[in-house]
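Novice: Before I ask anything, here is the structure I am working with.
Only the coordinates and a few stated rules stand behind these numbers; no lab work does. Quick caveat, the model's predicted, so the values are computed rather than measured. For neighbour counting, all protein chains shown are included, and Cβ atoms are generated from backbone atoms with ideal geometry for every residue, glycine included.
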Amino acid sequence: MSATAMVAVEDLRVGMFVHLDVGWMSHPFPLSSFKISSIEQIEVIRGLGLKQLRWSPERSDPEPVAVLPGNAAPEPVTAVERPVDPAEVARRAEAAWIEHQQSSLRVCERQYMEACRDLRKITDRLGAEPQQAREAAEQLSRAMLDKMLVEGDLCVRLLGEPLSDRATAHAMNVTVVSLLLARSLQMAEPDLLDLGTGALLHDIGKLALPERVRLPRDDFSTAEHALYRDHVAQGIVQGQRMGLKPAALLVLAQHHEFADGTGFPRASKLESQSVLARVVSMVNLYDNLCNAAMPSQSLTPHEALSRMFAQSRNKFDVTILSGFIRLMGIYPPGSVVQLSDDRYATVMSINAARPLKPRVQVYDPSRSSSRALHLDLEQTPDLGIRRSLRADQLPAAAADCLAPRLRVAYFFDVEPVTAPADAPALV
């Protein structure tokens, strides 16, 4: 971990690696720690009202600072050349790459928890302050979208076991994936904002239901099943109290409708559904398959996607389903797989630009779990994924190392198009 120092915002320069120690939703940058690349970024930082902030000199290459008169520059120190040990270079490169992956994951988890915290505050305000809750939901949608509307590729990243309650985690999953999908389909920015707001709030009608019927179960009575379905109508009432925009309100009204007319509450077909609702309906089903009310009934992400494509294609807008598969890959993050060299792995992240070459965490019996091997399959052209597995098909030692998630949670990350030049391509 590099040392940090404080710097006044007036002294910021292009090339400095800075750390914004404010909430992720309180600034418009994709990450809270980054290297300043333009004068415009400096102006934005100054507009945040901060007096000073942390920066990492070792990770920076700022513009030259003028030497004041009378201060002689120190004599350069001549380095003593030593033989280069290729094995040591490889070990250091691998350690740096693993730390890069773990650091990115920690950042994503902090951002995810902050977004979940804000969403819980929104639902807590629904009863007494519906208009303020709507404004907060729109602000959260705007903040998340600001992080996505950036240059470069976005990465769909698997998180550790989510610490938030299931309802919040579900809403966040649906929102993140829906926005990423709609972005990849090049939807207009105003539509993306309405989509984000509607996705965040799509299940608010469940707040009026008894706890037992908030999640669909196989043992529902007829009355319980009807009560569960009523959450859509309850959500519309809540959305109208909040003053939601029509497009966001339609997401609440149609998030259980399907293209073939088998959804509820109106059994409407594709032509009667808004495009935004079609996105949320499909992602909502995917997340419910991966995170069932009974964990034993949950499917792996690969199984969920396969079932949707093989058995339920007629339920979805074909363009949106195709875009979803392109975004998540055949083996979405969270899938447990066997590689072409027979090793076991978990898919950790997908670069939306190259979904067939995900990043994986590999079980290697020669390593401790704290040093688990992370591979970017884009950098290993001779290595691929042979098949998907269920968690109970893993050998015990591999299961202990890979720790398959009981609940799947996603967030997003801004990633370079390819792995860093020193990323190991170990096979």
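Novice: Rounding to the nearest 20 debye, state how big the charge dipole of region 97-328 is about its Cα centre with +1 on each Lys and Arg Cβ and -1 on each Asp and Glu Cβ. Please report the intermediate quantities before stating the final value.
Specialist: Working: 26 positive and 28 negative charges, 44 e Å.
Roughly 220 debye, rounded to the nearest 20.
Novice: Around Arg313, with a cut-off of 11 angstrom between Cβ atoms, what is the net charge of the other residues, counting Lys and Arg +1 and Asp and Glu -1?
Specialist: On the way: positive: Arg307, Lys315; negative: Asp260, Asp317.
Surrounding charge for Arg313 is 0.
Novice: Collect residues whose amide H, placed 1.01 Å from N in the peptide plane, falls under 5 Å from the amide H of Gln52; neighbours closer than 5 in sequence don't count.
Specialist: Those qualifying (amide H under 5 Å, at least 5 residues apart or on another chain) are Val9.
Novice: For the chain, return all DSSP H helices satisfying: extent of Cα atoms along own axis at least 24 Å; mean Kyte-Doolittle hydropathy at least -0.5. Could the numbers behind the result be given before it?
Specialist: Values: long enough: 86-125 (59 Å, -0.93); 130-148 (27 Å, -0.93); 166-184 (27 Å, 0.76).
Helices passing the filter in the chain: 166-184.
Novice: Still on this structure: For Phe258, Phe34, what's the fewest-to-most ordering of other Cβ within 10 Å of each Cβ? Intermediate results must be reported in sequence, preceding the final value.
Specialist: On the way: Phe258 23, Phe34 16.
In increasing order of surrounding Cβ atoms, one gets Phe34, Phe258.
Novice: By its C-alpha gyration tensor, with a ≥ b ≥ c as the square roots of the eigenvalues, how is region 97-328 shaped: rounded for a/c under 1.5, else prolate for a/b larger than b/c, else oblate?
Specialist: Working: a/c = 1.29, a/b = 1.15, b/c = 1.12.
Here region 97-328 falls in the rounded category.
Novice: Which order results if Val275, Val251 are arranged by neighbouring Cβ count within 10 Å, fewest first?
Specialist: Values: Val275 17, Val251 30.
The order, fewest Cβ neighbours first, is Val275, Val251.
Novice: From the cross-link list Lys35/Lys357; Lys245/Lys315; Lys51/Lys147; Lys147/Lys357; Lys121/Lys269, which pairs have alpha carbons spaced over 29 Å apart? Don't skip to the answer; put the middle values down first.
Specialist: Working: Lys35/Lys357 27 Å; Lys245/Lys315 26 Å; Lys51/Lys147 24 Å; Lys147/Lys357 24 Å; Lys121/Lys269 35 Å.
In this structure, Lys121/Lys269 exceed 29 Å between Cα atoms.
Novice: Classify region 1-63: rounded, prolate or oblate, from the alpha-carbon gyration tensor (a ≥ b ≥ c, eigenvalue square roots; a/c under 1.5 rounded; otherwise prolate if a/b is larger than b/c)?
Specialist: Values: a/c = 1.44, a/b = 1.23, b/c = 1.17.
Taking the square roots of the gyration eigenvalues as a ≥ b ≥ c, region 1-63 is rounded.
Novice: Which stretch or stretches of region 313-328 have amide N atoms under 13 Å from the point lying 7 Å from Lys269's Cα along the Cα→Cβ direction?
Specialist: 315
Novice: List the residues, sorted by chain then number, that are 5 or more residues from Leu373 or on another chain and whose placed amide H is less than 5 Å from its amide H.
Specialist: Correct list: Val362, Asp364.
Novice: Further question: Using alpha carbons only, what's the Rg to Rh ratio of the chain with Rh from Kirkwood? Intermediate results must be reported in sequence, preceding the final value.
Specialist: Details: Rg = 23.9 Å, Rh = 23.6 Å.
Radius of gyration relative to Kirkwood radius: 1.01.
Novice: About the Cα centre, and with charges only on the beta carbon of Lys, Arg (+1) and Asp, Glu (-1), how big is the dipole of region 1-63? Nearest 20 debye, please. Provide the component values of the computation, followed by the final result.
Specialist: Values: 6 positive and 8 negative charges, 32 e Å.
Rounded to the nearest 20 debye, it is 160 debye.
Novice: Now for a separate question. Which residues among region 90-104 fall inside the zone where the amide N is under 19 Å from a point 7 Å beyond the Cα of Leu48, along Cα→Cβ?
Specialist: Hits in region 90-104 for Leu48 at 19 Å: 104.
Novice: Please order His202, His256 by the number of other Cβ within 10 Å, starting at the fewest.
Specialist: Numbers: His202 30, His256 19.
Taking fewest neighbouring Cβ atoms as first place, the list is His256, His202.
Novice: A follow-up question, please. Quick check on the chain: helices-only [θ] at 222 nm, where DSSP H runs of length 4 and up contribute -39,500 (n - 2.57) each and the sum goes over total residues. Nearest 500, please.
Specialist: On the way: 12 runs with 172 residues, N = 427.
The helix-only estimate for the chain comes to -13000 deg cm²/dmol at 222 nm.
Novice: For Ile325 and Gln311, compute 0.36 nm times the residue count separating them, minus their Cα-Cα distance, and round to one decimal in nm. Each step should come with its number before you reach the end.
Specialist: Working: separation 14, 0.36 × 14 = 5.04 nm, distance 1.48 nm.
This chain segment gains 3.6 nm when fully extended.
Novice: For Ala403 and Glu135, calculate 0.36 nm times their separation in residues minus their Cα-Cα distance, and state this gained length in nm to one decimal. Provide the component values of the computation, followed by the final result.
Specialist: On the way: separation 268, 0.36 × 268 = 96.48 nm, distance 3.91 nm.
My answer for the length gained is 92.6 nm.
Novice: On to the next question. How much length, in nm to one decimal, is gained on full extension between Ala5 and Asp21, taken as 0.36 nm per residue of separation minus their Cα-Cα distance?
Specialist: Numbers: separation 16, 0.36 × 16 = 5.76 nm, distance 1.28 nm.
Extra length available between Ala5 and Asp21 comes to 4.5 nm.
Novice: Over region 92-156, what portion of Cα pair distances is larger than 14 Å, expressed as a whole percent? Walk me through the numbers before you get to the answer.
Specialist: Details: 1446 of 2080 pairs.
The calculated P(r) of region 92-156 puts 70 percent of pairs beyond 14 Å.
Novice: If you don't mind, another one. Give the long-range amide H neighbours of Phe411: residues separated by 5 or more places, or on another chain, with amide H under 5 Å away, using H modelled in the peptide plane at 1.01 Å from N.
Specialist: Sorted by chain and number, the residues that satisfy this are Arg157, Leu159.
Novice: Turning to a different aspect of this structure: What size of dipole, in debye to the nearest 20, comes out for the chain about its Cα centre when the only charges are +1 on Lys and Arg C-beta atoms and -1 on Asp and Glu C-beta atoms? Don't skip to the end; give the middle numbers.
Specialist: Details: 46 positive and 52 negative charges, 227 e Å.
Charge dipole of the chain: 1080 debye, to the nearest 20.
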